[in-house]
Amino acid sequence: MKENHFAGTGKLLKLYLRRDRIVLPIWILLPMILIMLQMSFVKAMPDWQVLIAELSASPLTASLLGPIVPLSIEGAILWRGLLQASIAVMIGAALTMIRHTRTEEASGRNELILGRPVGRYANLSAALILSCGGSLLAGLLTAAALMGNGLAGNGSLLAGLTLAASGCIFAGIGGLCAQIFEHSGSARGGVFGVYGLTMVAMVLNNMGGGSTGWAWLAPEAWFRITVPFGENHAWPLLVLIVLSALPMMLSYMLLVRRDMGTGLIAQKEGSANASPRFNSPMALAWRQHKGSILAWAIGMAYLGGTMGVGTPNISEAISSTFAQMNTSWAPAMAKLGNQEGFIAILIYILGLMGGLSVFAVTTIQRLRKEEKEHYAEMVLSRPVSRVKWMGSYLAVAFASSALILLVLGLACGLGWSIAAGEFSHFPRVLGMSLSKIPSVWTIIGIAALLYGWLPRIASVLNWLILSAFIFIEMLWEVGIVGWSALQWTPFAYAHYSIPIHELATLPLIILTVITVVLIWFGFIGFRRRSIG
């Protein structure tokens, strides 16, 4: 009798639904919430026609987010709302895939599952159904929200299906990374690396007018291909489905070509004899993180340099109407100018909000991984204190985050200066990047505090807190909350809207002191609790 490789998929799907009963609804509902926030923002403006005309014509916003297409209230809603919604569903679907494939395998739970009458493909299939089903549900809920606010049904459905397609391709990418890499952290790093490349493609597409071939490589910009509420092109959905199926098919092919518990990229064996320098917890922490640090530094240098070189192509012309818009960020961007504003937002996203914040959280989470796999016990059985072991990882996190920000500032500043032939830009850009260090360190401090006291749920809490910070930022940008609310996040004290020569140093010093206090309490919690 032929073996059924998909046996048990339904039961595993029920198990995963139960395990994700809290996290899954968050990333499914978040896209709809983001769309509704953008809808409220646009509709609340008495002169929204002027708003969308100015935003679409602005060289700054067109370079970052692309022109508004169609030039209507529907286009203004999708212009920013669907971009943010796509990012939420892409990351949510990919991380869900990794959680139920690579993480399960690395922890050994997958062996217990496969010890039952379960097919070889059941685990991957259940995770794909969950991730793609969640993406589709997020798209349909978004479409229902659009239709519920009086927008056309065909455009709303097309927007929702386009959103679902962006989640599905990242579900496939997450499954593919789970087959390639041996550790879940490396798989997540692969996903964020691919996401960074799609952002580059999106910006290149926007700089080219919003309808270039680069859009096909940027799932967050796929709505520029289908053009909901405009031309309503449904045929690209077939191409997007094929594109989404490719990484899924590769995942199945690689699954049967590797050993259980390993990835396609085999883990390199260490040297039989340790180097004399490999004699401390600090050396161990550096060795474990140096690969990811190098990858982040190279990625930031590439992204920063690429965007810096392209900055002189952005016109500096800013209309008086744009400067007087009733938004939280338009007057600040008018004060900075299009080119410096573009660089400021770029460094803010890469160096803080969507880049180094992720690096900070994942680096500290390595502590929990070492503890769960009992490597921490091996180290602590030697004459090594808990504070010294944990402190070594924190020291690497602090130093490496500062180093990566330095690389980002150097690459972006040199790229802009060389392309423009004006090196007065360089110190300002370097200052923008280095000013993010205290904010990133604060996020490291929060992660360390949670690890010290609440290790079992620290990972979830870290991502929820970071998501809350980002959500507050989005609410501020659309004018729903004020600057006082944004100041509850570490983002506000090195914000892109503050010119670098006006940035106050005292709040940054206070953030550094707060970080020290958080680390101190984290040490106390770690010393008092049990290992494991």
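Every read-out reported here was derived from the displayed coordinates using simple, explicitly stated rules and does not represent laboratory data. Since this is a predicted model, take the numbers as computed values, not measurements. Here the Cβ positions follow ideal geometry from the backbone for every residue, glycine too, while neighbour counts run over all protein chains shown.
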Please name whichever of Gly213, Leu136, Gly119 sits farthest to the positive end of the charge dipole of the stretch 7-263, dipole taken about the Cα centre and charges placed at Cβ: Lys and Arg +1, Asp and Glu -1.
-> Gly119
Starting with the fewest neighbours, write out Tyr375, Tyr348 ranked by other beta-carbon atoms found within 10 Å of each beta-carbon.
-> Tyr375, Tyr348
Counting other C-beta atoms within 10 Å, which of Phe223, Phe192, Phe423 has the fewest, and how do the rest follow?
-> Phe423, Phe192, Phe223
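Using mean Cβ contacts within 10 Å as the protection proxy, how do 397-403, 438-444 order, highest first? Provide the component values of the computation, followed by the final result.
Working: 397-403: 19.7, 438-444: 25.3.
Result, highest mean first: 438-444, 397-403.
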³J(HN,Hα), Karplus 6.51/-1.76/1.60, whole Hz, each residue of the stretch 417-431, x for Gly, Pro | 5, 5, 5, 8, x, 9, 7, 5, 6, 4, x, 5, 5, 4, x
Computed on Cα atoms, the radius of gyration and Dmax of the stretch 178-271 in angstrom are 17.3, 60
Classified through the alpha carbon gyration tensor (a ≥ b ≥ c as square roots of its eigenvalues; rounded if a/c is under 1.5, else prolate when a/b is larger than b/c, else oblate), the stretch 7-263 comes out prolate
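Calculate the dipole size of the stretch 7-263 relative to its Cα centre from +1 charges on Lys and Arg beta carbons and -1 charges on Asp and Glu beta carbons; express the result in debye to the nearest 20. If you can, show how the numbers build up before the last one.
Numbers: 16 positive and 11 negative charges, 185 e Å.
For the stretch 7-263, the charge dipole is close to 880 debye.
Quick one: divide the alpha-carbon radius of gyration of the stretch 390-532 by 2.2 N^0.38 Å and tell me what you get. Don't skip to the end; give the middle numbers.
On the way: Rg = 17.3 Å, N = 143, 2.2 N^0.38 = 14.5 Å.
Normalised Cα radius of gyration, the stretch 390-532: 1.19.
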Ranked output for segments 82-90, 196-204 by mean other Cβ atoms within 10 Å, highest leading, reads 82-90, 196-204
Taking the mean number of other Cβ atoms within 10 Å as a proxy for protection, how do you rank 289-299, 404-414, 156-166 from highest to lowest?
-> 156-166, 404-414, 289-299
Please work out the C-alpha center-to-center distance from the stretch 131-192 to the stretch 389-458 and express it in whole Å.
-> 30
Charge dipole (the stretch 279-532, unit charges on Cβ, about Cα centre) - positive-most of Ile510, Leu449, Trp416 | Leu449
Given charges of +1 on the Cβ of Lys and Arg and -1 on the Cβ of Asp and Glu, with all other atoms neutral, how large is the dipole of the chain about its Cα centre, in debye to the nearest 20?
-> 2060
Below 24 Å Cα-Cα, how many Lys pairs turn up in the chain? Only count pairs eight or more apart in sequence, or on different chains, if you could.
-> 11
Binned Cα-Cα distances of the chain, short to long, each 10 Å bin given as a whole percent = 4, 18, 28, 27, 17, 6, 1, 0
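Arrange Arg99, Arg224, Arg528 by Cβ neighbour counts within 10 Å, fewest through most, would you? Don't skip to the answer; put the middle values down first.
Details: Arg99 22, Arg224 28, Arg528 10.
Placing the least packed residue first, the sequence is Arg528, Arg99, Arg224.
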